[in-house]
Amino acid sequence: MPNYLGLDGFRFGWVAAWIDDRGDHGFDYSPGLTRLLAMPHAHAMIDMPIGLKPSGYRCCDRQARKLIGPAVFLGARRDLWKFSDMGAANRHYWEHEGRGRGVSAQLWNIREKMKEVDDFMTPEKQETIREAHPELIFWNLADEVRLEPKTSPQGRKQRIELLQGRGFTKIERWLTLRYGTGIGRDDLIDACACAVAARDSKQRVGGDETDPCGLRMEINY
């Protein structure tokens, strides 16, 4: 049976959840992407930008933000990781694109993960490995209703129930097994959401733009 992978970054690396057509499912983690993406899979979805413009905002991010709000970070750009600090990055973007067109702390903090994905990806790999956004996936699973914040007890409960209904019946037990790994509760939940999208996704925002490396800029859900 083919596996469907979902991946999300965490402080010490990456967490991957997988599910197959029989409903078997599991999770794993690794400091790098390579071993996890070497697992046999029909499709994979990763919660990280794929396809980066040298400047400006991606259309897919703007479109996703209209649907689910500020959970979508704007300003993912190629070579963000080359700046010495966030202040230097923002001074550059403000000078060349206009004040207020910089990057948030959240985006700055994932710049090395963005580089890792960018180094790994090719247009050929993008046929099976694609970008997703967990909050867009949950919005879709909840019939286009925005859930409570994921950091709240109610929001977490809503997301877990949606995942259980899509086959991740072990998710609550997994959340107790992550202690000592560095995997955050939300990281594991988001990886499972991406695996659901890898199996079931038929929708996306964007897809009409490609970056200088030929990668499509799209977010699947």
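Quick note: the coordinates plus some simple rules give every number you see, no bench work behind them. None of the values given here were measured: they were computed from a predicted structure. With ideal geometry, Cβ positions are generated from the backbone for all residues, glycine too; neighbour counts draw on all protein chains shown.
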At 20 °C and 1.002 mPa s, the Stokes-Einstein diffusion coefficient in µm²/s for the chain, with hydrodynamic radius from the Kirkwood sum on alpha carbon pairs, is 122
Within the range 40-78, the residues whose backbone N lies under 15 Å from a label point placed 7 Å from the Cα of Trp94 along the Cα-to-Cβ direction are none
per DSSP, antiparallel bridges as share of beta bridges in the chain, % nearest 5, sits at 70
Note: Asp208 to Thr169 extended length (0.36 nm per residue) minus current alpha-carbon separation gives 10.4 nm
Length gained, Gln154-Arg101, 0.36 nm per residue minus C-alpha separation, equals 15.7 nm
Output ordering of 172-184, 113-125 (per-residue mean of other Cβ within 10 Å, highest first) is 113-125, 172-184
For the pair Arg11 and Glu144, the simple spin-label estimate (label points 7 Å beyond Cα toward Cβ) gives in nm 3.9
Site Thr128, offset 7 angstrom along Cα→Cβ, radius 20 Å on amide nitrogen, limited to the range 41-85, gives 41-48, 50-51
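If each residue of separation counts as 0.36 nm, what is the full-extension length gain between Tyr57 and Leu177 once their alpha-carbon separation is subtracted?
Here the segment from Tyr57 to Leu177 would lengthen by 39.4 nm.
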With +1 at each Lys and Arg Cβ and -1 at each Asp and Glu Cβ, the charge dipole magnitude of the chain around its Cα centre, to the nearest 20 debye, comes out at 460
